[in-house]
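Novice: What follows is a structure written as structure tokens; I'll ask about it next.
Throughout, read-outs are computed from the coordinates displayed, never taken from laboratory work. Predicted model only: the values in this text are computed from it and were never measured. Cβ coordinates were reconstructed from backbone atoms using ideal geometry, including for glycine residues, and neighbour counts include every protein chain displayed.
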Amino acid sequence: MVSQHKKKRRFARVQLAKQLHVRLSSVPEIFERSDGDIGLGGMFLKTDLQIPVGSDVVITIELSNVHPVELQGQVLRLDTIESSGRRGIAIEFEELPPASEIAMRNLLEKIKSFQS
């Protein structure tokens, strides 16, 4: 069964690679993510973080051999085990400037190559 969230997406998502490091402006530490997904329109991070819905965040994504990508976004929803069977935060990216979109496309291709 396809979730309502997947039906609403404008862009395809890829599963996060183990080498991906994410920094959120509202969280002091950098954390490695290997669980969740990412696309041009946003990302889902499996985490226990409780960042309020509607919060603006700056996301810096680092992957080995790829220039870090910094994105502006907003917390779209918090998922709990009770509500969706998984715990995490959904972040919607703001409209990407052309240079950021190119960087994100390169990053997504690199993530896909790790999965091959």
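Novice: What number comes out for the charge environment of Thr60, summing +1 per Lys or Arg and -1 per Asp or Glu over other residues with Cβ under 11 Å away?
Specialist: -1
Novice: Would you kindly derive the ³J(HN,Hα) couplings of segment 65-71 from the backbone phi angles with the Karplus curve 6.51 cos²θ - 1.76 cosθ + 1.60 (θ = phi - 60°), listing them in order in whole Hz, with x for Gly and Pro?
Specialist: So the Karplus estimates, Gly and Pro as x, are 6, 9, 4, x, 10, 10, 10 Hz.
Novice: If each of Leu76 and Asp56 carries a label point 7 Å out from its Cα toward its Cβ, how far apart are those two points in nm?
Specialist: Distance between label points: 2.0 nm.
Novice: Just to confirm the filter: which GluC sites (Glu not before Pro) across segment 32-116 are DSSP coil and have at most 14 other Cβ within 10 angstrom of their Cβ?
Specialist: Loop-located and lightly packed - Glu94, Glu95.
Novice: Go through segment 96-105 residue by residue and turn each phi into a ³J(HN,Hα) via Karplus (6.51, -1.76, 1.60, θ = phi - 60°); whole Hz please, and just put x for glycine and proline.
Specialist: Karplus-based 3J(HN,Hα) across segment 96-105 equals 7, x, x, 5, 5, 5, 4, 4, 5, 4 Hz.
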